[in-house]
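The values are calculated or read from the model by the stated rules, or taken from the named source; none is laboratory data. Since this is a predicted model, take the numbers as computed values, not measurements. Heads up, the Cβs are rebuilt from the backbone with ideal geometry, glycines too, and the neighbour counts pull from every protein chain shown.
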Amino acid sequence: MSGGKIIDPRVKNRAVTEFVDTWQDYRSVTVACGEIAASHGMSRATLFAELRERGQWPAARVGDLALENKRLRKQVQMLETQLAEGQK
């Protein structure tokens, strides 16, 4: 169900392009979406839906990636220790 005005596809394209190119410059992906959407005359929900539909919404948050990185570093360290012990 559409709740608002029709957004010109060219405007959506410009907003999507700007988001993809610049979202990491903002303090959060949600803030980026809201501010970029507003600058193109659309709601955050409209830009979010367009990004999701195109498969361009960032899937992982930076915090999630940092935790994964920490977990993988521990795993590498454990494997290096096991390898070193096996070579003695």
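When Ile6 is tested against (1) assigned to a helix (DSSP H, G or I); (2) without any contact (Cβ under 8 Å) to a residue 12 or more places away in the chain, just one condition goes unmet, and that condition is (1). The set of residues in segment 40-88 that are assigned to a helix (DSSP H, G or I), assigned by TED's automatic domain parsing to the domain that holds Thr22 and among the polar types (S, T, N, Q) contains only Thr46.
Of the residues making up segment 61-82, those that are modelled with pLDDT of 90 or more and of a type in the set (A, V, I, L, M, F, W, C) are Val76, Met78, Leu79.
Listed residues Thr22, Thr46, Thr30; which is under 10 Å from the mean Cα position of the chain (by Cα), hydroxyl-bearing (Ser, Thr, Tyr) and surrounded by 12 or more Cβ atoms within 10 Å (Cβ to Cβ)?
Values: Thr22 fails: under 10 Å from the mean Cα position of the chain (by Cα); Thr46 fails: under 10 Å from the mean Cα position of the chain (by Cα).
Checking each option against the conditions leaves just Thr30.
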